[in-house]
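Colleague: Sending over a structure as structure tokens; questions will come in a sec.
The values are calculated or read from the model by the stated rules, or taken from the named source; none is laboratory data. Keep in mind that what you see is a predicted model, and the values were worked out from it rather than measured. Because the Cβ atoms are built from the backbone with ideal geometry, glycine has one as well, and the counts that use them run over all protein chains shown.
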Amino acid sequence: MINSGRTGGTARRLGIGIVSASVARAHGRRDAPGLLDVLTEIGEGRHPSTDGLPPYVLGVRAQVLRSTTRLRSRMLLGNRALSAKIQAESVRVVNQYTERGEPAPAALAGYGRSVGNWRNSAAVCRSRAQGLVDEANHLLTCYWDAVWTRARRSSEIPERRPTGWLPGRIELDTTWHRIDDGLLPDRWYGPGAPRTGGDPAAIAQALAILDTQATGTGAPRGTGNGG
């Protein structure tokens, strides 16, 4: 069973109900007069940069960043014992399969269960983070729709805003799609950070051994970073 504490717990939701959407549109109508230059660029076929985004958009982006960071922090904290266990078991798996050359299916199966628990928790946490991003982008859509509609009354811009045009669009950064990196301190915290726990190289090797054995192929499939 997946423990909510191990998957990041419950983050504060942005909400995409009638009230929050109405607030977003109200902000858009209010800000429209000051955003005519941005909309004019679109009419001329240019796409503005994300510099100088309106306060409402910056606020939504900041809230998502705080919420997703909190989710990941709680997930790492809730799985600290599991992470330490995987680090220790990784060294034994590498020694057994690489150094001794003696496969140990039972031991590898136990290691696989631990890694599976980690990946499940990380995947659920990522799913929750993506939900926050989707909610935020919905609010941004409501905001820019209102901006566009109000601006058309006093400026010559296209009747409809271009498909996919959403200044300030929010996306999860690439680290969310490499779920095993949470087990690799040198990759997670960046080069030069002090190493703690098991050897990251051993963890990477052990994960490759696990995935190779699980797929029955002769070459490692990877480390589960695709989710």
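Colleague: I'm checking my understanding of the structure. Among residues of the range 163-189 that are assigned to a loop (DSSP other than H, G, I, E, B) and surrounded by fewer than 12 Cβ atoms within 10 Å (Cβ to Cβ), which one is modelled with the highest pLDDT?
Modeller: By that ranking, first place goes to 171.
Colleague: Follow-up question, since we're still on this one. Being more than 29 Å from the chain's Cα centre (by Cα), at pLDDT below 90 and either among the aliphatic types (A, V, I, L, M) or surrounded by fewer than 20 Cβ atoms within 10 Å (Cβ to Cβ) (or both) narrows it down to one of 30, 100, so name that one.
Modeller: It is 100.
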